[in-house]
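Before any comments, here is the structure.
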Amino acid sequence: MPNPDTETKTAFRLPPVAEKCVVRTKSGPDRKGHFGYFGGKFVPEILMPAITELEAEYRKARKDRSFKEELREILRSYVGRPTSLYEARRLGERLGGIRVFLKREDLTHTGAHKINNTIGQVLLAKRMGKTRIIAETGAGQHGVATATAAALMDLECEIYMGRKDTVRQSMNVFRMELAGAKVIPVDSGTRTLKDAINEAIRDWVTNVHNTHYVIGSVVGPHPYPVMVRDFQSVIGKEARSQLKKITGGLPDLIIACVGGGSNAMGIFYPFVRDQGVGMVGVEAAGEGVDTDHHSATLSVGRPGVLHGTMSYLLQDRWGQIKGAHSVAPGLDYPGVGPEHSALKESGRVKYVAVDDEQALAGFKLLCETEGIIPALESAHAVAYLAEAAEILPKDSAVLVNLSGRGDKDVETVAEIFRERGGK
């Protein structure tokens, strides 16, 4: 395999990994945490004992009936699972007569899919005897979900958040504090999600003996990408069963937004082997992929190493990580999960980019047709749905992951609309 330390600095052609990516994507990564060419564990030596402990404990927990039953019961009674699968008939009519099914992760406790993962990880941390939880957050939903899980299980919690995001998502900052968490603003770099992750990793290195770092997406060193995917795959498993009951079959197309990629992996993974099911991951094009203000990692990035894993990244010609931008804070990240990179290379999933203007239009479209306010992250998926509907047959069944509710974004959108005279 090429040396990541040198290969990220120059353009190069990937090895032909398509076939093995499909196989490993379904069965999980290899024993070293690679999804074909991507993944792995690129961490400081001081963190290897913690990573090794986590990997071993998760391997045992995923086979432990008592752990699985406890997790299932918390998700049922506390989180509100299963979430509903709602047929958005007015939206489908507006888009030419297709059948649109929304997986309503916005109806979970805390308002987004993030809690599926945080409950699982905090339960695992308690099993390992950890007394302190740390996390990073961008849009604030992962921070709220982590603070909530830590409060439920009586553990100390600190959340790192870019200063820019604490302003954009001030309501979520207060929600975290209400749950007893300490929110630590990060002023380095771009003052967004990437920099919050950097600070969380520094904390973890210093306090590894008593602290578990709850990573919020399918990124980071192995076993995080597979562990987060597994905790989030409840979304796709439920949707698969629910749609079969409603339609008698599987969807023609699944659409989900992609930042780090946890909500998308959660809904994609249970359908990966169903070759008749199309899948589209929607990235943030921000102000346009031809500018330096976007988060379209898979669309225009190239492989490199960031935050402990080999994956597609936004880089300059020397391999330095570029800043990312999106109107949706949760998509404002210059990397993506390694399994998404493998799915891109295998051709199993198509990845596209939707800009800020299109996302705002998607936000308004769902509000007007269904009375549902989506998170700006989820609005990217709705925006692509509107575009795809123009070429889809009228009887197509499309499954859209509505990964979060938009309460957190109403003030941001209102300000944008006011600046534009209501347009």
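The values are calculated or read from the model by the stated rules, or taken from the named source; none is laboratory data. In this text, all values refer to a predicted model and were calculated from it rather than measured experimentally. Virtual Cβ from ideal backbone geometry, glycine too; neighbours counted across all protein chains shown. Side chains are part of the model used for accessible areas, which takes the heavy atoms of the whole protein and leaves out ligands, DNA and RNA. Shrake-Rupley method; radii C 1.70, N 1.55, O 1.52, S 1.80 Å.
Brief remarks on what is shown
- Residues that are open to solvent by less than 10 Å² (accessible area, probe 1.4 Å) and part of a loop (DSSP other than H, G, I, E, B) within region 111-138 comprise 111, 138, listed in sequence order.
- Within region 161-195, the set of residues being assigned to a helix (DSSP H, G or I), of a type in the set (Val, Ile, Thr) and touching a helix residue (DSSP H, G or I) at 6+ places or on another chain (Cβ under 6 Å) comprises 166, 173.
- Subset tally (residues that are among the hydroxyl-bearing types (Ser, Thr, Tyr) and in contact with an Asp or Glu (Cβ under 8 Å, 6 or more places away or on another chain)) for region 120-147: 2
- Only one entry of 307, 294 meets the criterion of being of a type outside the set (Val, Ile, Thr), surrounded by 20 or more Cβ atoms within 10 Å (Cβ to Cβ), over 20 Å from residue 39 (Cβ atoms) and touching a residue at least 60 places away in the same chain (Cβ under 8 Å), and that entry is 294.
- Residue tally, condition more than 16 Å from residue 291 (Cα to Cα), in a loop (DSSP other than H, G, I, E, B) and of a type in the set (A, V, I, L, M), over region 310-348: 2
- Residue check for residue 148: assigned to a helix (DSSP H, G or I), at pLDDT 95 or above, open to solvent by 10 Å² or more (accessible area, probe 1.4 Å) and touching a Ser or Thr at 6+ places or on another chain (Cβ under 7 Å): yes
- Qualifying residues in region 316-359 (those that are among the polar types (S, T, N, Q) and closer than 29 Å to residue 167 by Cβ) - the one most open to solvent (accessible area, probe 1.4 Å): 320
- Answer from 384, 351 - the residue that is at pLDDT 95 or above, part of a helix (DSSP H, G or I) and of a type in the set (Phe, Trp, Tyr): 384
- Residues in region 333-344 that are at pLDDT below 95 and not hydroxyl-bearing (Ser, Thr, Tyr): 334 alone.
- For the residues 319, 330, 286, the requirement of being on the phi > 0 side of the Ramachandran plot and modelled with pLDDT under 95 singles out 319.
- On the stretch given as region 37-89, residues that are in contact (Cβ under 8 Å) with a residue 12 or more places away in the chain and either surrounded by 14 or more Cβ atoms within 10 Å (Cβ to Cβ) or touching a strand residue (DSSP E or B) at 6+ places or on another chain (Cβ under 9 Å) (or both) total 33.
- Restricting attention to region 256-288, the residues that are under 19 Å from residue 330 (Cβ atoms) and more than 13 Å from the chain's Cα centre (by Cα) total 4.
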